[in-house]
1. Going by the structure shown, is ILE212 among the β-branched types (Val, Ile, Thr) and within 16 Å of ligand 1 (Cβ to nearest atom)?
2. Of the residues that sit in region 78-106 and are in contact (Cβ under 8 Å) with a residue 60 or more places away in the chain and more than 16 Å from ligand 1 (Cβ to nearest atom), which one is farthest from ASP33 (Cα to Cα)?
3. Taking the options VAL147, VAL129, name whichever one is at pLDDT 95 or above and either out of contact with any Lys or Arg (no Cβ under 6 Å at 6 or more places or on another chain) or within 16 Å of ligand 2 (Cβ to nearest atom) (or both).
4. Scan the strands (runs of 3 or more DSSP E) fully inside region 9-102 and keep the ones with 2 or more residues being more than 13 Å from the chain's Cα centre (by Cα).
5. Within region 120-134, is even one residue within 29 Å of HIS206 (Cβ to Cβ) and buried (at least 17 other Cβ atoms within 10 Å of the Cβ)?
6. Among the residues that make up region 75-98, is at least one of them surrounded by 14 or more Cβ atoms within 10 Å (Cβ to Cβ), at positive phi and at pLDDT below 90?
7. I'm checking my understanding of the structure. Among residues of region 135-163 that are under 13 Å from ILE107 (Cα atoms) and among the small types (Gly, Ala, Ser), which one is surrounded by the most Cβ atoms within 10 Å (Cβ to Cβ)?
Amino acid sequence: MSLDINQHEILLQIRHLNKNFGGLQAISDVTLDLPAGIITTLVGPNGAGKTTLFNLITGHLIPSSGTVHWLGQSLKGIEPWKIARMGIARTFQDLRLFSQMTVEENIMTVMERSAWLWQGGRASALQRVGEILAETQLADKRHERAVDLAYAERKFLSLARIMASKAKLWLLDEPASGLDPRSFERFVGLLRNYAARGITICIIEHNLDIVIKLSDRVAFLDQGKLLAQGSSQDILKDPHLAAIYFGDRS
Ligand SMILES: Nc1ncnc2c1ncn2[C@@H]1O[C@H](COP(=O)(O)OP(=O)(O)OP(=O)(O)O)[C@@H](O)[C@H]1O
Ligand SMILES: [Mg+2]
């Protein structure tokens, strides 16, 4: 069954976006929509510009030219923390947890930042932390410091923080890299669950198994250019894209 993305409201609209670092064009004339309720996967070889695209959306980098609109509003010149408050949350490739804080404290900091959304106050925030800990299976690690967690647990904590944010759009930068197969299944289930509850997800992922299991739509970037977008089957079976992805450009 093909997916008609035109039926979905466009949350994020990217038009002719460019980003140069000196002589390097890291993002080149990218035009892309992120429709509500759709899981979009960004794939492409190392250095394709995937993280740069996230940084341009979230205000961590300023575009050389082009536009990004969120719910019809231009994000030009808006600081990252304000963009986060507008409903766009992200994870980082290097996780950026508060390593000396406990699991619970790492989650609570997100809630304090978006305290205006937690009208029920601290009691309801704590109840929500409990739910998130259960969903990410971190309940028995609640009082451990982030630095003492296993790798997969740190990945889930990064996800737990985004779950606490109440954002509408999640931008996830390689959230599943290095997960063992069991954690990986749990991770896919968790994201599917949140997507079914109305969260829109854009995920950067190298693991093609996850790309196939998770994506409603795949966008393929190479050398800053959006080469193709479509269903995971269409994109992954394209021999030209496969050659680029697996490093054979001949
Ligand atoms: N702040 C920066 N200053 C200069 N060059 C940068 C900067 N950020 C990224 N680049 C360069 O831009 C290009 C795209 O980098 P980016 O990190 O977006 O790639 P990526 O697709 O996320 O790769 P990976 O899969 O390895 O994470 C690379 O050549 C990178 O070296
Ligand atoms: Mg990257």
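1. No, not satisfied.
2. That would be LEU97.
3. Working: VAL129 fails: at pLDDT 95 or above.
The match here is VAL147.
4. 10-21, 24-35, 65-70
5. Looking for residues that are within 29 Å of HIS206 (Cβ to Cβ) and buried (at least 17 other Cβ atoms within 10 Å of the Cβ), one finds at least one in region 120-134, hence yes.
6. The answer is yes, given that some residue of region 75-98 is surrounded by 14 or more Cβ atoms within 10 Å (Cβ to Cβ), at positive phi and at pLDDT below 90.
7. In this case the residue turns out to be ALA160.
Residues checked against (1) crowded, with 20+ Cβ neighbours inside 10 Å; (2) closer than 18 Å to SER215 by Cβ:
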| site | (1), (2) |
| --- | --- |
| ARG15 | no, no |
| ASN18 | no, no |
| GLY22 | no, no |
| GLY44 | yes, yes |
| GLY47 | no, no |
| LEU53 | yes, yes |
| PRO63 | yes, no |
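The values are calculated or read from the model by the stated rules, or taken from the named source; none is laboratory data. Everything quoted here is computed from the prediction, not taken from an experiment. Because the Cβ atoms are built from the backbone with ideal geometry, glycine has one as well, and the counts that use them run over all protein chains shown.
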